[in-house]
Amino acid sequence: SGINAEYGGATEEVFVSIVTFLSSVFMIFGGAIPYLPQYLQMKEENSSEGFSIQVCFVLLMANILRIAFWFGKFYETPLLVQSGVMIVTMLIMLELCIRLKKEHPLTSTTRRSFTEGESIVHKFEDFDINFFWRWSSFGDYLKCLLTIILGIAALTYLLVESSGYVETIGTLSLMTESTLALPQLLQNYRTGTTQGMSVKMVMLWFLGDSFKTLYFLARAAPLQFLLCGSVQTLVDILILYQVVSYKEVEARNK
């Protein structure tokens, strides 16, 4: 019986280790999965018109801030690695969007700089607020991100001992991430269509945000976590409503 108990304990320990490992892997890569169908759809259609690149900006900022937060308040390593994975994912999405706008300028309805015969090139160093995050070259987005990273790194180096600063960047990261789908909602509203946007991406957003919100509720997480999760889920629902309502309008107009 002693041998059986020891064997059972070892088996349980192995099972827990496997579940913990798989949970960590999902935590690291799970956030990037929703963007795979959008990436594939853009590649297939040779157009990025339906996807808001502001989503990339929101997630890049949220994860840069979260990494800075780690230096002041250590948290689980998988969450830190997840931030790195999300930054790489958003850069891949952004690069494809900018490349498609250049390769297929006649499909662009949102950028005058990509219309036929337009020779204006917008650069980061122009410091034109009207074209912030609407530059002509992927390199300009990298310059912007490098400037932001250096600025946050300098502040964090100077103020890492300040609990007020550390808690502020942690809260800002959480609040920024909670608005990630808002640019997509606004773009759909402005254009009056969801064509080019991956519905699978939004469905995966909704499933992930719903699970996260219920998890926060069950774990009695701090109120700000619950509020941010609720906001994300609400925006996901509004986008899915846009998908249905805009398709009905398009069907009636045919």
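What value, in deg cm²/dmol to 500, does the helix sum -39500 (n - 2.57) over DSSP H runs of n ≥ 4 give at 222 nm once divided by the residues of the chain?
Details: 9 runs with 184 residues, N = 254.
Counting only the DSSP helices, I get -25000 deg cm²/dmol.
May I ask you to derive the relative contact order of the chain, considering only C-alpha pairs under 8 Å and at least 6 residues apart, and to give it as an integer percent? Mind showing how you got there, number by number?
On the way: 250 pairs, mean separation 62.9, N = 254.
Computed value for the chain: 25 percent relative contact order.
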| field | In order through the stretch 14-23: 3J(HN,Hα) via Karplus (6.51 cos²θ - 1.76 cosθ + 1.60), integer Hz, x for Gly, Pro | value | 5, 4, 4, 5, 5, 4, 4, 5, 5, 5
| query | Could you give the angle, 0 to 90 degrees to the nearest 10, between helix 163-178's Cα long axis and the longest principal axis of the Cα atoms of the chain? | reply | 60
| field | Among SER163, SER198, SER83: highest mean-square fluctuation, GNM of the chain, C-alpha pairs under 10 Å | value | SER163
| remark: For LYS102, counting only lysines whose alpha-carbon sits under 28 Å away and dropping same-chain residues fewer than eight positions off, the answer is LYS43, LYS123, LYS143, LYS200
| note | With all protein chains in place and a 1.4 Å probe, LYS43 shows an accessible area in Å² (nearest 10) of 100
| task | Calculate what fraction, in whole %, of the accessible area of the chain sits on carbon and sulfur atoms when a 1.4 Å probe is rolled over the protein chains. | result | 68
| query | Of SER137, SER52, SER173, which is the most mobile in a GNM of the chain whose springs link Cα atoms less than 10 angstrom apart? | reply | SER137
| request: On a 0 to 90° scale, report how tilted helix 138-159 is relative to the longest principal axis of the chain, with both axes built from alpha carbons and the result rounded to the nearest 10. | output: 40
| task | May I have the convex hull volume per residue, in Å³, for the Cα set of the stretch 144-254? | result | 124
| For PHE124, what accessible area in Å² do you get when you roll a 1.4 Å probe over the heavy atoms of the protein chains, rounding to the nearest 10? | 40
| message | Quick one: 3J(HN,Hα) in Hz for the stretch 242-247, Karplus 6.51/-1.76/1.60 with θ = phi - 60°, rounded, Gly and Pro as x. | response | 4, 4, 5, 5, 5, 5
| query | HN-Hα J couplings of the stretch 31-45 from phi, Karplus 6.51/-1.76/1.60, θ = phi - 60°, integer Hz, Gly and Pro as x? | reply | x, 8, 4, x, 8, 5, x, 5, 4, 5, 5, 5, 4, 5, 8
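Per residue, how much accessible area does the stretch 125-179 have with a 1.4 Å probe, in Å²?
On the way: 3260 Å² over 55 residues.
Accessible area per residue: 59 Å².
Would you mind working out the accessible area per residue for the stretch 6-84, using a 1.4 Å probe, and quoting it in Å²?
Working: 4390 Å² over 79 residues.
Normalised by residue count, the accessible surface of the stretch 6-84 is 56 Å².
Does the stretch 11-109 come out rounded, prolate or oblate by the C-alpha gyration tensor, with a ≥ b ≥ c the root eigenvalues, rounded set by a/c under 1.5 and, if not, prolate when a/b is larger than b/c and oblate if not?
On the way: a/c = 4.63, a/b = 1.90, b/c = 2.44.
The shape class here is oblate.
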| task | Return the label of the correct value of volume of the Cα convex hull per residue in Å³, as calculated from the structure shown, out of (i) 148; (ii) 165; (iii) 177. | result | (iii)
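The values are calculated or read from the model by the stated rules, or taken from the named source; none is laboratory data. What you are looking at is a predicted structure, and each value in this text was computed from that prediction instead of being measured. For the accessible areas, the whole protein counts, side chains as well, though only heavy atoms, and no ligand, DNA or RNA atoms are used. Shrake-Rupley method; radii C 1.70, N 1.55, O 1.52, S 1.80 Å.
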